[in-house]
Each structure stands twice: as C-alpha cells, then as structure tokens.
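Take a look at the structure below.
The values are calculated or read from the model by the stated rules, or taken from the named source; none is laboratory data. Here the structure is a predicted model, which is why all the values come from computation and not from measurement. All Cβ positions, glycine included, derive from the backbone under ideal geometry; neighbour counts span all protein chains shown. Only protein heavy atoms, including side chains, enter the accessible area calculation; ligands, DNA and RNA are left aside. Shrake-Rupley method; radii C 1.70, N 1.55, O 1.52, S 1.80 Å.
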Amino acid sequence: MLDLVFPDTAEVAAGGHLTLGGCDVVELAREHGTPLIVYDRATIEARASSYSAILGADHVYYASKAFCCIAICELLEGLGIGVDVCSGGELLTALTAGFPADRIIFHGNNKSVDELVSASEAGVGRIAVDSMDELERLSKVPGHSRLLLRVTPGVEAHTHEFVQTGQEDSKFGFPLGDGVALDAIARAQELDGYELIGLHAHIGSQIFELAAFELAARRLAALAARARDDFGFETRELNLGGGLGIAHTDDEMTPDPQEATARLQEIATDSFEEAGLQAPEVCVEPGRSLIGAAAITVYEVGTVKEIPGVRTYVSVDGGMSDNIRPALYGARYEAKLANRMDARPGPLVAVAGKHCESGDVLIKEAHLPADVSPGDLLCIPATGAYTYSMASNYNRVPRPAVVLVEGGRATEIVARETASDLLRFDRHLDGAPVEA
Ligand code: LLP
C-alpha cells in the first residue's frame, strides 16, 4: 500500500515499478499504450461498500457523471447499488449495462420530453424533478416513477468552506424562498401516475467539511415540516446528493466515506426529529468519492525543456483533452514515475500536456526526479473522476484507453480511439463520407 492518493492495491515492486491490482503498470503501458487510465477494481468495491455498510446498497446511487461506461456500470450493478443518471446517454448506458430500472434515479435541470419518455418507458425508479416546466412536461408523459423534488437549500459548499447564497443563485432545483418549493410539492402531488416520495439536495462537490450538509438538512427539514402541516405531505426519502471530497495530493486528507456517511445519516435524522418529523430514509449519490481514488493516468514523457532560472517543463503525451480539471478548475495533482517509483524527487517541475495551448499544464509544481527523461512513464493518481467523462478530442487527439485491474489481470474496458474514429463524423465538402 502506497500513500493516500494512490488506489488501495498500489505497491512498488522490486525493480521500482508501480503495480496496481497485481499488474505491473510499466507492462500495462507497453501493452495498451499511453495515455492509459488504470482503474483498480478493489478500490471501487471498497469505496462502494463504505456507503452500503451504513445506508444499505439500495440507498446508494453512483453518480455516473464521474465516469460512465458499460463495464463500470456492470461492476457497480453487481454490487447492488443504484445509479444516478443525468442525460439520455447516461440512462442508455446504465440500462445497457443491466441496471434494473428501479435502481436508477434520473436527474437534470433541463430534461427533454424525449428523455422523460425514455425514462418513463424504462420505468426508472426515481425522477428528481427540477423545475415547474418539468412538472408541466411530466404531466403529459404517462409514467409510474416515484418523484423526488430537487431543492436548492441556499447552501453552496466549496472545498474547505461553504457560503449561503441569499438568492439561491443556481440553475438547479426549486428555491426555498417565496414558497416556490412548497408550491412545487403541491403541484407534484397532483401528477397522475407519479408519486412524490421525498426531497433531494446536492450542495456541491469536493466537500471536506460536513457543516454545509448539516445546514442543508436543517433547511430541508423545515420545508418538510411546512409541507406536512400545509398539505399532509410526508417526506419519506431524503437524498443528500454527492459531494464528498477526495485527496489529490499528499497534503490533503480524504474524509473517511464510511464515517462521513454515518454522520450524514445522523445529521438528517436529527434535523427531521428536531423538526417534529419522522426520520426519512437517507440516500446519497457519491461520484468522486466512490471512483476518484480508484484510478491513475499513465503518460509517457516526451520532451523535457529546462529554462534555466525559470522552470522545467516535462511534457507528456496527453493533457487537457484527457484531464481538463487543472485548466478548468485549477485542480491540483501529484505525479510519480511509474517505472522508477523509488527515484528521489528533485527540484519542482511543471508537467505539461501536448496541446497547443500554454494553459495545458497538468501540474504546476510536481515532485519528480531531477533526471526525468523522455521515455519515463509519468503517472498521476486520483484521476478516476471527471477526467475521462469530461475528455475531448481537442487538437484531434484521440481519447485514451481505460483498463480495469484485479488479481494480476487487466481488462480493457474502454478501447483507445483510433485515427479513423477522429474522422468518423466528418464529411467532404460535397457531403460524402470520408474514407479514413
Ligand atoms: N448528485 C448530483 C445531483 C450531482 O449533480 C453530482 C455532481 C453528484 C451527485 C456527484 O457529486 P460528487 O460526489 O462527484 O462530488 N466536474 C466537476 C464536478 C461536477 C459535479 C457535478 N455534479 C469536477 O471535476 O470537479
């Protein structure tokens, strides 16, 4: 077991090679090419069971936006948990992977009629209703799903602190102010076929402190109390969304998901009981904290440019097309050399991608060995969430392959894109298909 940010099964073998799930990462790179995303099955299973152990598997919904592909959905389906989808494409993936429709919750602030029809026809277990327009659309779509009302509790959590947004400035959900959420509860109860069973709130992502959840739960309990008093509506289910953070660098601490989940359940129960209500069934939708720590991305170093007195740029064969998070959010990562894990770190260097953009820097300050050279395999841990799922073909760079490792075996679960994939949707000037 290596330090905090690597997957649980990470080890350093005798020759200094990184191994994951019993597989030598250098061999994996040789066989599957780079960039390569390697998921450790044991880490995913362990994280999923941290949640299930507290809430029961049927109260845990994997937020598939973190990384959505058939094999990962199949794996999580097998663990008995549910899945949160927020588009027709994620819904299709979950259904194709064999998720029973009643273990699917359908989200989105602008679900189309087609998406609502597909969800209803599939018989999804829950729809998180997001707006009055959606309630209107649903009234024309026959269905039997249970509904949760997505509420914006006016609490927006950031990584280490939270703010209360007075105007509940969000495109998602019903605001608590002005009785809007109460009106929506009344309207949702009238919908034919559907059954409103509870409330939902997702207050942010990469959250390390639970205080923001507590304030949100209190506000939801107050709403639930009003809804009971005004129209006898009983909130049977409370879904607190996702958002638990993970460490991406050695100086961050990952909250223990099992302890945090137990605390969330306590917070929800206490808030409702203090408001004179029956404690609801508590559900969560972890994305990053379930899958983020389970993967590393492996790149090959191609160019090392030293600018004396300024900085050294170590450029790798991927970049912002496979991990947009540093460029988009200023996200911080660490790197190591998978072929020389035991080499001593030298002066700080920048790890850059291969894209035609100065901002394509994956890590501004990385602790790499001083003699890092072309051909070294650089790996970035904690890249399992919101990397491949947000990948693009910027500069016509193909998306990487993804493998899942376990017990010394690696299975390719997403194939590397090929040159002809890149031209697949192009047409010639006269509209004719392109032969790659
Ligand atoms: N439930 C709902 C309704 C959500 O909108 C989200 C994430 C989650 C659950 C899962 O949250 P998690 O446990 O992963 O924090 N692209 C950003 C993160 C966007 C999260 C959007 N919603 C990033 O790379 O940091």
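Among the residues of the range 179-226, the ones that are outside any loop (DSSP other than H, G, I, E, B), closer than 25 Å to ASP133 by Cα, open to solvent by 10 Å² or more (accessible area, probe 1.4 Å) and touching a strand residue (DSSP E or B) at 6+ places or on another chain (Cβ under 8 Å) come to 6 in all.
Within the range 273-300, residues that are closer than 29 Å to VAL372 by Cβ and open to solvent by 10 Å² or more (accessible area, probe 1.4 Å) have Cβ atoms under 6 Å from residues that are assigned to a loop (DSSP other than H, G, I, E, B) and more than 13 Å from the ligand (Cβ to nearest atom) in these pairs: GLU300/THR34; GLU300/ASP317, counting only partners at least 6 apart in sequence or on another chain. Looking at GLU209, is it out of contact with any Leu (no Cβ under 9 Å at 6 or more places or on another chain) and within 16 Å of the ligand (Cβ to nearest atom)? Against the criterion (out of contact with any Leu (no Cβ under 9 Å at 6 or more places or on another chain) and within 16 Å of the ligand (Cβ to nearest atom)), GLU209 qualifies.
Listed by first and then second residue, the pairs linking a residue in the range 228-243 that is open to solvent by 80 Å² or more (accessible area, probe 1.4 Å) to a residue that is away from the ligand (no atom under 16 Å from the Cβ) and in a loop (DSSP other than H, G, I, E, B), with Cβ atoms under 7 Å apart and 6 or more places separating them unless they lie on different chains, are ARG228/GLU234; ARG228/LEU277; ARG236/PRO280.
When restricted to residues that are within 16 Å of the ligand (Cβ to nearest atom), of a type in the set (D, E, K, R) and open to solvent by less than 30 Å² (accessible area, probe 1.4 Å), the range 318-353 contains 2.
Scanning the range 244-258 for residues that are open to solvent by 20 Å² or more (accessible area, probe 1.4 Å) and either within 16 Å of the ligand (Cβ to nearest atom) or touching a helix residue (DSSP H, G or I) at 6+ places or on another chain (Cβ under 6 Å) (or both) turns up GLU252, THR254, PRO255, ASP256, GLN258. Would you confirm, using the coordinates I've provided, whether LYS305 is open to solvent by 50 Å² or more (accessible area, probe 1.4 Å) and either within 30 Å of ASN239 (Cα to Cα) or touching a residue at least 12 places away in the same chain (Cβ under 8 Å) (or both)? Against the criterion (open to solvent by 50 Å² or more (accessible area, probe 1.4 Å) and either within 30 Å of ASN239 (Cα to Cα) or touching a residue at least 12 places away in the same chain (Cβ under 8 Å) (or both)), LYS305 does not qualify.
Within the range 148-194, restricting attention to residues that are hydroxyl-bearing (Ser, Thr, Tyr) and under 23 Å from ILE105 (Cα atoms), the residue that is modelled with the highest pLDDT is TYR194.
Checked against the criteria, VAL434 does not count as touching a residue at least 60 places away in the same chain (Cβ under 8 Å), away from the ligand (no atom under 16 Å from the Cβ) and of a type in the set (A, V, I, L, M).
Out of the range 42-58, which residues are more than 14 Å from the ligand (Cβ to nearest atom), closer than 20 Å to GLY245 by Cα and not β-branched (Val, Ile, Thr)? Hits for the range 42-58 are ALA42, GLU45, ALA46, SER49, SER52, ALA53, LEU55. The number of residues in the range 227-262 being of a type in the set (A, V, I, L, M, F, W, C), within 19 Å of ALA186 (Cβ to Cβ) and assigned to a helix (DSSP H, G or I) comes to 2. Please find, within the range 370-392, the residue that is surrounded by the most Cβ atoms within 10 Å (Cβ to Cβ) out of those that are more than 28 Å from ARG311 (Cα to Cα) and either away from the ligand (no atom under 16 Å from the Cβ) or not polar (S, T, N, Q) (or both). Result: GLY384. Each residue in the range 400-423 was checked for being of a type outside the set (Val, Ile, Thr) and touching a strand residue (DSSP E or B) at 6+ places or on another chain (Cβ under 8 Å), and 10 of them qualify. If the condition is being farther than 27 Å from VAL397 by Cα and in contact with an Asp or Glu (Cβ under 6 Å, 6 or more places away or on another chain), then the range 20-41 contributes GLY21, ARG41. Restricted to helices (runs of 4 or more DSSP H) entirely inside the range 78-146, those with at least 1 residues that are farther than 30 Å from GLY179 by Cβ and open to solvent by 30 Å² or more (accessible area, probe 1.4 Å) are 88-96, 113-122.
Filtering ALA415, ALA410, ALA419 for residues that are at pLDDT below 95 and open to solvent by 10 Å² or more (accessible area, probe 1.4 Å) leaves a single hit, ALA419.
Is it fair to say CYS356 is more than 16 Å from the ligand (Cβ to nearest atom), at pLDDT 95 or above and under 21 Å from the mean Cα position of the chain (by Cα)? No; evaluated as a whole, the condition is false for this residue. The set of residues from the range 163-178 being assigned to a loop (DSSP other than H, G, I, E, B) and open to solvent by 20 Å² or more (accessible area, probe 1.4 Å) comprises THR165, GLY166, GLN167, GLU168, ASP169, SER170, LYS171, PHE172, LEU176. Reported count of residues in the range 9-56, each being assigned to a helix (DSSP H, G or I), under 20 Å from ALA293 (Cβ atoms) and of a type outside the set (D, E, K, R), is 14.
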